Amino acid sequence: QCQLNGLWRNDEDSLMEISLLRDNGDFQGQYLTRVTLSGGCSQISPLRGAQQQLGEEGWPTFAFTVRWDKFSNATTAFVGQCFVDSGGKETLSTMWLLREAVGSLEEDWKATR
């Protein structure tokens with residue numbers, strides 16, 4: 001069974017730590033994106049989310065948001081699922097949408113990646 005709490009590293013060497021996973025599936029932690037390291041000054045951004053509670057079988061789905069308020073006017077929403085391979089390695093498979101603030105409705109087209 002997958003356990004979301006702990007330290008995770010993605011393919012781009014960004015780090016995510018889920019430090020609190022409540023019984024109801026809510027969780028919180030912090031995210032250190034590689035982008036913040038490029039200027040030599042790392043910034044930790046808060047994350048909050050929820051995991052779908054399953055029985056003893058199955059791989060849980062989850063969603064969380066990261067607020068990049070210390071270095072960007074943007075928020076990212078992640079959705080994913082946790083898997084365990086035959087060797088016992090846990091893997092999070094995710095997709096994300098990043099929303100940046102823009103100055104007008106006319107610029108809305110370029111605000112989401």
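The values are calculated or read from the model by the stated rules, or taken from the named source; none is laboratory data. Keep in mind that what you see is a predicted model, and the values were worked out from it rather than measured. Ideal geometry is used to build each Cβ from the backbone, glycine not excepted, and the neighbour counts take in all protein chains shown. Remember, those area values only see protein heavy atoms, side chains included, never the ligands or the DNA or RNA. Shrake-Rupley method; radii C 1.70, N 1.55, O 1.52, S 1.80 Å.
Which whole-Hz ³J(HN,Hα) couplings does the stretch 18-34 yield from phi under the Karplus relation 6.51 cos²θ - 1.76 cosθ + 1.60, θ = phi - 60°, glycine and proline marked x?
So the Karplus estimates, Gly and Pro as x, are 9, 9, 9, 10, 7, 4, 7, x, 5, 9, 8, x, 8, 10, 10, 7, 4 Hz.
Semi-axes of the equivalent ellipsoid for the chain, please: Cα gyration tensor eigenvalues, times 5, square-rooted, ordered largest first, whole Å. Numbers along the way, then the final one.
Values: eigenvalues 152, 55, 34 Å².
Listed largest to smallest, the semi-axes of the chain are 28, 17, 13 Å.
Select from the stretch 41-108 those trypsin sites (Lys or Arg not before Pro) which occupy a DSSP coil region and have at most 13 other Cβ atoms within 10 Å, ordered by residue number.
LYS70, LYS89
In deg cm²/dmol and to the nearest 500, what is the mean residue ellipticity at 222 nm of the chain if only DSSP H runs of at least 4 residues count, each as -39500 (n - 2.57), divided by the residue total?
For the chain, the value works out to -500 deg cm²/dmol.
Where does each of GLU106, GLU100, GLU12 land when they are ordered by accessible area, with a 1.4 Å probe and the largest first? The partial results should precede the final answer.
Working: GLU106 140, GLU100 65, GLU12 110 Å².
Most to least solvent-accessible, the answer reads GLU106, GLU12, GLU100.
List the relative contact order of the chain as a percent without decimals, with contacts defined as Cα pairs under 8 Å and 6+ residues apart.
17
Kindly write out, for the stretch 92-98 in residue order, the coupling ³J(HN,Hα) from the Karplus curve 6.51 cos²θ - 1.76 cosθ + 1.60 (θ = phi - 60°), rounded to whole Hz, with x marking Gly and Pro.
9, 9, 10, 10, 9, 10, 10
Pick out, from GLN52, LEU32, SER93, the residue whose Cα sits farthest towards the positive end of the charge dipole of the stretch 6-110, with +1 on the Cβ of Lys and Arg and -1 on the Cβ of Asp and Glu.
So the residue furthest toward the plus end is LEU32.
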